[in-house]
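Throughout, read-outs are computed from the coordinates displayed, never taken from laboratory work. What you see is a predicted model, and the numbers here were worked out from it, not measured in a lab.
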Amino acid sequence: MSLDFLRGIIPPVPTILNDKGEFDRAGMGIFIDRLVESDVDGLLFLGSAGEFAQLSNPVRKQIAEFCVKHVAGRKPVIIGTGACGTPEVIELSDHAASVGADAVIIVNPYYSLMNEERLYRHYRTISESISLPILMYNFPALTGQDLTPSLVKRIAEDCPNIVGIKDTVDCISHIRDLIIQAKGARPDFRIICGYDEYLFSTLALGGDGAIPGTANFAPEITCGIYKAFQNKDMATIMELLPRLSVLSQLYALDMPFSWLLKEAVRVTGSDIPTGVAAPATEPDEKTKKRFRELLKQAGF
C-alpha cells in the first residue's frame with residue numbers, strides 16, 4: 001500500500017468498553033462503520049484515546065485483531081504498539097503486522113526516562129526488527145520526555161521505515177522545527193499534529209495533517225479544513241476554525257478525557273456504551289454539564 005494514507009485526517013479511535021470496562025465488540029463495530037463511512041483518511045486504534053496504557057497486552061491484541069478485521073481494508077489502519085520496553089514494542093508490532101495492520105504508531109518509553117542515544121537505539125532497533133511502516137509519537141506531557149527535532153531528524157535519516165511523527169506538543173514552534181529539520185532532511189517524512197487546533201498551522205507550515213480526537217464525532221470539521229486547505233478555500237477554513245476552537249476545549253474538561261470522546265460519539269448518533277478503562281471513571285455532573293454546553297456552542 002502507498003504511504004499516501006499517512007496524511008490528512010486520521011482519528012485516534014476510542015476503544016469501546018462496556019460499563020465493566022470490558023471490550024465491547026458490537027459497539028466497536030458500530031463505531032468503526034460510522035468512521036469508515038466518513039471522510040477520514042485512516043483509523044488509528046490503541047493510541048492515547050484508545051486507552052492502550054490501561055489495557056493488558058492480550059486485550060490489546062484482541063482489540064487490534066478485531067478492528068483490523070472489521071475495517072476489512074475499507075480504510076488504512078494504524079495500531080498503537082507503544083510500551084516501555086523495546087522487546088514488548090516489537091512483540092506488539094509483529095502481532096499488528098500478522099493481523100493485517102497497515103502501520104504502527106509508537107510512543108517513546110515513559111516512566112524511566114532515557115537519554116537521546118538510548119531513545120535513538122530504541123527506535124532504530126524496532127525499525128530493524130519489524131516490517132510495518134512506523135509513526136513515532138511524541139507526547140511529552142504524558143511521557144515526561146520530548147522527542148527533539150534534532151533526534152527525530154537523525155532517526156528519519158537512518159531508519160527508512162520510520163515514516164513520520166505525531167507531535168502532540170502544545171507549541172507550534174515544535175512542529176515548525178520538526179518540519180524544518182526532519183522534513184528538510186527527508187521530504188517524504190510525515191509531520192502530523194496531535195492537537196486538533198494546530199491543524200491549519202501545521203498545514204500552512206508544510207506539515208501533513210492531524211490525528212484529532214474531535215474527528216471521531218465531528219469529522220466534517222477537521223476533514224473540511226483539510227480539504228479546504230488543499231483547495232485554497234480560506235472562506236471555509238475561517239468558517240470551521242471557530243467551531244474547532246470550541247471543541248478543542250473538551251480535552252481540558254477531564255483527565256483523562258476518554259469518556260467525553262465516547263459520549264460525544266454517542267450523542268451525535270452512535271448507539272455505543274461509554275465505559276472507560278480503570279482507573280478512569282465517568283466524570284462528575286458539573287463536567288458533564290460543561291461538556292454539553294461546549295457541544296451546543298459548536299453546533300451539535
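The distance linking region 134-153 with region 217-262 is 24 Å (Cα centroid to Cα centroid, whole angstrom). Result for the chain in a Gaussian network model with C-alpha springs under 10 Å: among Leu142, Leu247, Leu43, the largest mean-square fluctuation is at Leu142. Within the chain, antiparallel bridges make up roughly 5 percent of the DSSP beta bridges whose residues both belong there. Of the labelled figures [x] 18.0, 50; [y] 19.6, 71; [z] 18.0, 62, only one reflects Rg and Dmax of the Cα atoms in Å as derived from the coordinates, namely [x].
In sequence order, region 239-245 has phi-based couplings of 6, 8, 4, x, 5, 5, 4 Hz under the Karplus curve 6.51 cos²θ - 1.76 cosθ + 1.60, θ = phi - 60°, and Gly or Pro positions carry x. For the chain, modelled as a Gaussian network with Cα springs under 10 Å, which listed residue fluctuates most, Ala72, Ala235, Ala103? Largest GNM mean-square fluctuation: Ala235. Pairs of lysine residues in the chain that meet both criteria, 8 or more places apart or on different chains and Cα atoms under 16 Å apart, total 9.
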